[in-house]
Amino acid sequence: MNYIQKLRLLLDKKDKRHLAWLILFSVFVSAIETVGIAAIMPLIDITTNFDNIHGNQYYQWAFDFFGFERDVNFAIVFGLVLFGFYVFRGGVNLLYSYVMGHFSENLYAQTTSKLFKIYLTIPYQVFTNKNSSYLTKAIITEASLISKVIKSVLLMISEVLVIVFLYILMMIASWKITLVFTVVLSIKMLFLTKTISKKIKSVGKIREKAEAQFYEIINRFFGNFKQSKLQDKDRIEASKSEFSLVVNKYAKVNATSSFLSAFPRVFLETVGFSLIVLLLTTLLYLNQGDVAYILPTLSLFVIALYRLLPSVNRIVNGYNTLLYYHKSIDIVDEELKTEQEDLGSGIIEFKDKIELTNIDFSYQEKKVLSGINLTISKDEKIAFIGESGSGKSTLV
């Protein structure tokens, strides 16, 4: 994907090494998550019927190896070990969240610093062709959204690994049930990416334009505060109306984005757990009440889905975040490629005079200075007089 390539260009060698370690860490976290879910089925199997301890070769081996004399003691110790494992699992997840957040926010700081350094060295004519509110938005808002996108991509990678591991576990438990869930959820995922994700991308474009107008109006008002104060009543009312229109538009697209982001979670959870209830009802009908044999497997699927559906939802949300803020990636990528210049650091001494000969200057298509010839001698006092926009500041 083009956007992934652009995100890679934002990373230096050190960042790429940290990212590689984060991906390895996410593999470890995913494995921990899978083990935590897989261990539930043996616990239910043992606690519902102690005879299963001696009917399973692995349970029996552990029972004999640790020298247990009573079945209930074995079940209690197994539960306590599993409790300790879940505490460990929670700590690992918190550590991963901390490291990932630290990485993404550091990247934001680096990107903002890069943009600021570039803006300090861009040619004056390039600067004048850019709206200052656009530069402010790029360095404050768009760079921060890059951090959000990076975090979403990392979460997507982590959750994909969780899904792969859980899928293997579910296939081992019952490939037939897993196949049914795979077909149904795949259809639902296709529906979400073709409808909701497409809508989010279009809303993201509107968000960027509305936010640009938002910054432009604020910058225009506060940048010329004296003139703004002296405007007549009609112009002030027009400015208020323009600002309200843009703010309402910006709020509306963010509200739409929030709704569309919440939709996949509710939709997937409804489908997933409805399938579980439907499956249990079908088994009750076919076996006329005797479903005890499948309860451990069904419990595994319930817990797996309880963890898997949020993973699918995070992947969909991460993908939607990438689409919603895709303009931020374009803007930051474009700004980091802005032309720069080096004026040098040598000291220029004013010994005799400053002489301008046939000086021309234009802002885009607008010619500001034309054929300027001027000599300023040292110790001479010169005043530039002219109407606003005539080129006084540019000449200086």
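The values are calculated or read from the model by the stated rules, or taken from the named source; none is laboratory data. It should be emphasised that the depicted structure is a prediction, and the values quoted were computed from it without experimental measurement. Virtual Cβ from ideal backbone geometry, glycine too; neighbours counted across all protein chains shown. These accessible areas exclude ligands, DNA and RNA; they are computed on the full protein's heavy atoms, side chains included. Shrake-Rupley method; radii C 1.70, N 1.55, O 1.52, S 1.80 Å.
For the stretch 145-155, backbone phi angles converted through the Karplus equation (6.51, -1.76, 1.60; θ = phi - 60°) give residue-by-residue couplings of 6, 4, 4, 5, 5, 4, 4, 5, 5, 5, 5 Hz, Gly and Pro being listed as x.
For the chain, the longest principal axis of the alpha carbon atoms and the long axis of helix 175-223 meet at an angle near 20°. Carbon and sulfur together cover what percent of the accessible area of the stretch 1-41 at a 1.4 Å probe radius? Carbon with sulfur: 70 percent of the solvent-accessible area.
Think of the chain as a dipole: +1 on every Lys or Arg Cβ, -1 on every Asp or Glu Cβ, centred on the Cα centre; then among A62, Y108, V368, V368 lies furthest on the positive end. Between the Cα long axis of helix 295-324 and the first principal axis of the chain there is an angle of about 10°, rounded to the nearest 10. Take the Cα of S377, step 7 Å toward its Cβ, do the same at N106, and the gap between the two points is 6.2 nm.
Label zone of L245 (point 7 Å out along Cα→Cβ, amide N under 17 Å): in the stretch 119-135 this covers no residue at all. For V368, nonlocal amide neighbours, meaning residues 5 or more places apart or on other chains whose placed amide H falls under 5 Å from its own, are F361, S362, Y363.
Note on the stretch 80-127: along the principal axes its Cα atoms extend 70, 10, 5 Å, ordered by decreasing extent. Summarising the label geometry, the points placed 7 Å from Cα in the beta-carbon direction at F116 and T136 lie 1.6 nm from one another.
Once the other residues with Cβ under 12 Å from the Cβ of D51 are scored (Lys, Arg +1; Asp, Glu -1), what is the net sum?
On the way: positive: none; negative: D45, D71.
Net charge in that neighbourhood comes out at -2.
Computed over the chain, the P(r) curve from all C-alpha pair distances, binned at 10 Å from the origin, holds 4, 15, 20, 19, 14, 11, 7, 5, 3, 2, 1 percent per bin.
Note on E355 and A20: their simple-model spin labels are 6.1 nm apart, each label 7 Å out from Cα toward Cβ.
Mind checking the per residue accessible area of the chain for me, 1.4 Å probe, whole number of Å²? Walk me through the numbers before you get to the answer.
On the way: 24170 Å² over 396 residues.
Accessible surface, normalised per residue, equals 61 Å².
Restricting the trypsin sites (Lys or Arg not before Pro) of the stretch 1-96 to loop positions (DSSP other than H, G, I, E, B) with no more than 10 neighbouring Cβ atoms within 10 Å leaves R70. The HN-Hα couplings worked out from phi for the stretch 119-136 by the Karplus form 6.51 cos²θ - 1.76 cosθ + 1.60 (θ = phi - 60°) are 5, 6, 10, 6, x, 4, 5, 5, 4, 5, 7, 10, 6, 4, 5, 5, 5, 4 Hz, whole numbers, x standing for Gly and Pro. Relative to the longest principal axis of the Cα atoms of the chain, helix 326-336 runs at roughly 50 degrees. Ligands, DNA and RNA left out, the 1.4 Å accessible surface of the stretch 105-190 is 73% carbon and sulfur atoms. The alpha carbons of the stretch 23-127 give a radius of gyration and a Dmax of 25.4, 86 Å, in that order.
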